[in-house]
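Below is one structure, written out as structure tokens, with a few remarks after it.
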Amino acid sequence: MWPRLISWLLPWRTQSARTGAITSSDAPALARLHAKDFARGWSVMEFQQLLTDQTIVCDGLFRGRSTSPLGFALSRVAGDEAELLTIVVLDVQRGRGNGGLLLNAHVNRLALRGVHALFLEVDAANKAALALYQRRGFREVGRREAYYPMPDGSRATALVMRRDLA
Ligand SMILES: CC(C)(COP(=O)(O)OP(=O)(O)OC[C@H]1O[C@@H](n2cnc3c(N)ncnc32)[C@H](O)[C@@H]1OP(=O)(O)O)[C@@H](O)C(=O)NCCC(=O)NCCS
């Protein structure tokens, strides 16, 4: 049994991550990934609507030949600007460069679509996300004190960040 289990697990651990297209059929997987990290996760229907919206660009993170996304980045485009609405990597896949891989691919695709500036909003206490964004050239352009309502009744500060793509 053990050799079989190990041979089944090994590709999962050793196959490198790749980015790829996301379609509306991925909506349930995206909703599951999103709900794990956000108090108000977006429903499957909300993802289906987003993924069929022409202004939305979404890229997925996959391992090997698997078609089940382990993460995704999703932005809304308006003219030559876009807003990164969310980026998520499955918890067990974090801290090994997957977020960076995904964000790089997403930024490249937005640039190809003619986006010159990418904005995002992030909780000032979200260290992993801040490291990811700062490392990839995003700079703080605004600060919204006491912006996000937290489960304990407090309010967290939101940072608005921008990166030029052109
Ligand atoms: C933010 C997120 C996508 C990053 O994904 P990831 O796969 O861990 O990203 P990476 O492994 O590429 O790491 C990105 C950077 O963050 C750093 N980092 C990772 N976890 C960290 C932590 N807990 N504290 C500080 N820095 C951290 C890494 O060292 C890396 O920095 P480097 O490029 O200078 O080496 C992931 O943590 C996540 O899905 N979080 C939950 C959802 C979320 O908060 N999304 C962002 C707001 S919408």
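By other beta-carbon atoms within 10 Å, ranking His106, His34 with the fewest at the front produces His34, His106. Sorting Leu61, Leu50 by the number of Cβ atoms found within 10 Å of their own Cβ, with the fewest placed first, yields Leu50, Leu61. Electrostatic tally near Gly99: other residues with Cβ closer than 13 Å to its Cβ, Lys and Arg +1, Asp and Glu -1, net +2. Amide H to amide H distances under 5 Å link Ile22 with Gly60, where only residues 5 or more positions off or on other chains count and H is placed in the peptide plane. Among Leu165, Ser43, Ser66, pick out the residue whose Cα is farthest towards the positive end of the charge dipole of the chain, where Lys and Arg carry +1 and Asp and Glu carry -1 on C-beta, about the Cα centre. So the residue we want is Ser66. Using only the C-alpha atoms, the convex hull of the range 25-97 corresponds to 108 Å³ per residue. So for the range 43-166: antiparallel DSSP bridges make up what percent, rounded to the nearest 5? Taking every DSSP beta bridge with both residues in the range 43-166, the antiparallel ones total about 90 percent. Here the dipole of the range 69-141 is about 320 debye; that uses its Cα centre as origin and unit charges on the Cβ of Lys and Arg (positive) and Asp and Glu (negative). Other residues within the sphere of radius under 15 Å centred on the Cβ of Val115, judged by their own Cβ, net out at +1 (K and R +1, D and E -1). Cα centroid separation, the range 22-92 to the range 113-147: 18 Å.
Ellipsoid fit via the Cα gyration tensor, the chain: semi-axes of 27, 19, 17 Å, each the root of five times an eigenvalue, largest first.
From the square roots a ≥ b ≥ c of the eigenvalues of the alpha-carbon gyration tensor of the range 77-166, which class results: rounded (a/c under 1.5), prolate (a/b over b/c), or oblate? Oblate is the answer for the range 77-166, as a/c is 1.5 or above yet b/c matches or exceeds a/b.
Charge tally for Thr86 (other residues, Cβ to Cβ under 11 Å; Lys, Arg +1; Asp, Glu -1): -2.
Only Lys, Arg, Asp and Glu count, each charged at its Cβ (+1, +1, -1, -1), so figure out the dipole size of the chain about its Cα centre, rounded to 20 debye. Walk me through the intermediate numbers first.
Details: 22 positive and 15 negative charges, 145 e Å.
Dipole about the Cα centre, nearest 20: 700 debye.
Amide H contacts of Leu165 (H built 1.01 Å from N, in plane; Pro and chain starts excluded): Ala117, Leu118 sit under 5 Å, all sequence-distant by 5 or more or on other chains.
The mean sequence distance of close C-alpha pairs (under 8 Å, at least 6 residues apart), as a share of the length of the range 62-123, puts its relative contact order at 35 percent.
Bear in mind these aren't lab numbers, they're just calculated from the coordinates by the rules spelled out. What you are looking at is a predicted structure, and each value in this text was computed from that prediction instead of being measured. Note that each Cβ is placed from the backbone with ideal geometry, even for glycine, and that neighbours are counted across all protein chains shown.
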